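The values are calculated or read from the model by the stated rules, or taken from the named source; none is laboratory data. What you are looking at is a predicted structure, and each value in this text was computed from that prediction instead of being measured. Using ideal geometry, Cβ is built from the backbone for each residue, glycine included, and neighbour counts are taken over all protein chains shown. Each accessible area value is taken on the protein alone, full model and side chains, heavy atoms only, with ligands, DNA and RNA left out. Shrake-Rupley method; radii C 1.70, N 1.55, O 1.52, S 1.80 Å.
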Amino acid sequence: MSTVAIIEVKTQSELKQFVRFPMDLYKNNPYYVPSFIKDEFKIWDSKENPALNYSESKQFLAIKNNKVVGRIAVIINHKEEKELGIKKVRFGWIDFIDDKEVSAALIQKAIDYAKENNIDKIEGPMGFTNLDKAGMLTMGFDKLATMIGIYNHEYYPKHLEELGLTKEKEWVEFEMNFPKILPAKVEKFSGLIAQKYKLKVLHFKSKEEILPYVEPMFKLLDETYKHLSTYTPISDEQIQTYREKYFPFIDKNYVICVVDENQELVSFAITMPSYSRALQKSKGKLFPFGWWHFLQASKKNDRANFYLIGIHPEYQRRGVTAIIFKEIFVRFTSMGIDFAETNPELEENKSVQVLWQDYNPVNHKRRRTYSLNISNE
């Protein structure tokens, strides 16, 4: 008889336990980076998360010996089913102690939820949309996590594999020791490409000048990645949500936009100083003192993270990346950035991975989603 009880999150107190569980689980882990607690609560509020308008979800806690020992969320994205014909239960926010009885009970809850809804597949960890955190870490457990990446213990994937789940999608991440000298071919081609296609880099005098380009950036993001498997377009409501969530942390010097002669956006790159240490020190809270750590990280930092990069399909094979990377080089050099880390990139997305080839990238992290096909007979 199982000694693990799985309860659905119904009250604010239970939601608080759900949100805070990983902070307790990774309390003494030097690589774990907490999410903003306030943002985690917003995820489950339909007034704050537009994805809940076309999705349904439930959250569960695993209890053993009167103590929370695990958590999981299950999601059905109806937009994904309608637009892509993909019917599955997404599971995410999965964390558990090193107890196979606990992980088995959590996965069984996802299976039960799928059966209740006549769905024959579960996949995770993943969120509601393509811009949510996804992929269980399978390599890089001794590397500092980023603001947008999931961190988990090494035993997590072993538990899932023993439960019969198999690899569905794989992501790779790279770390680069940023060069002190710009590669010659980048220096040469950036000017030639800019002149040939009449392109120029925008220089923003304030963060407010970036605002008119936020929506075009997301639209360009759709154009860049729409060929990838399971990519769903970003809604206007989602754009607003992500803008409100991340814009406060944007530094105008870390945003590069390239436009054509008609001032149309053809490429962009959003980078940020690494806020990982700041998040650790603030314990997921901006107030009352967390803001100080973020301010210091934005002023003095030798590490940057790539968050989003978009290139219009018509320009993807025309060397536009040379313009972007020359500009990044100039700015990073002036700000004392020595190291750069990419965001998770689908293993199949070779067109993005080739962007880093001149910078001796080291594949330091891997992550994947796991899936299980279920018989509903």
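Round to the nearest 0.05 the FRET efficiency obtained for LYS285 and GLU348 when R0 = 41 Å and r is the Cβ-Cβ distance. Using R0 = 41 Å, I get an efficiency of 0.65.
Which peptide among 9-18, 117-126, 345-354 comes first, and what is the full order, when sorted by highest mean count of other Cβ atoms within 10 Å?
Numbers: 9-18: 14.1, 117-126: 19.2, 345-354: 15.7.
The peptides rank, most packed first, as 117-126, 345-354, 9-18.
Take the Cα of ILE86, step 7 Å toward its Cβ, do the same at GLU261, and the gap between the two points is 4.0 nm. One decimal place: the segment SER235-ASN53 gains 64.4 nm when fully extended, by the rule 0.36 nm per residue minus the C-alpha distance.
Between LYS299 and PHE178, what FRET efficiency follows from the Cβ-Cβ distance if R0 is 22 Å, with the result rounded to 0.05? With R0 = 22 Å, the Cβ-Cβ based efficiency is 0.75.
Rounded if a/c is under 1.5, else prolate if a/b beats b/c, else oblate: with a ≥ b ≥ c from the C-alpha gyration tensor eigenvalues square-rooted, which is segment 179-337? Oblate, since a/c reaches 1.5 and b/c is not below a/b.
Along segment 255-264 the Karplus relation, 6.51 cos²θ - 1.76 cosθ + 1.60 evaluated at θ = phi - 60°, assigns HN-Hα couplings of 10, 10, 10, 10, 10, 8, 5, 9, 6, 7 Hz to successive residues, with x for each Gly and Pro.
Cross-link reach is defined here as a Cα-Cα straight distance under 17 Å, omitting same-chain residues fewer than 8 places apart; for LYS167 the aspartates and glutamates meeting it are ASP120, GLU123, GLU154, GLU345, GLU347, GLU348. Here the relative contact order of the chain, from alpha carbon pairs under 8 Å that lie six or more residues apart, stands at 23 percent.
Counting only alpha carbon atoms, the long axis of helix 184-197 and the longest principal axis of the chain meet at about 80°.
Accessible area per residue for segment 75-229, computed on protein heavy atoms with a 1.4 Å probe, is 46 Å². Estimate the FRET efficiency between ARG318 and ASP45 by the formula 1/(1 + (r/R0)^6), using the beta-carbon distance for r and 35 Å for R0, to the nearest 0.05. Efficiency at R0 = 35 Å is approximately 0.20. Across the cross-link table entries LYS188/LYS281; LYS79/LYS185; LYS42/LYS281; LYS67/LYS87; LYS82/LYS252, which are compared at the Cα atoms, the separations over 32 Å belong to LYS188/LYS281; LYS79/LYS185; LYS67/LYS87; LYS82/LYS252.
Out of all Cα-Cα pairs in the chain, roughly what percent, to the nearest whole number, are more than 32 Å apart? Working shown, then result.
Working: 24243 of 70876 pairs.
Pairs farther apart than 32 Å: 34 percent.
Over segment 179-337, what is the relative contact order in percent, taking alpha-carbon pairs closer than 8 angstrom and at least six residues apart?
Details: 192 pairs, mean separation 51.2, N = 159.
Relative CO of segment 179-337 lands at 32 percent.
In the chain, the longest principal axis of the Cα atoms and the axis of helix 320-335 are about 90 degrees apart. Here is how the number arises for the chain: DSSP H runs of 4 or more residues each give -39500 (n - 2.57), the sum is divided by the residue count, and the result at 222 nm is -10000 deg cm²/dmol.
Apolar share of the accessible surface for the chain: 50 percent from carbon plus sulfur atoms, 1.4 Å probe.
A straight chain from LYS115 to ARG243 at 0.36 nm per residue would run longer than the Cα-Cα distance by 42.5 nm.
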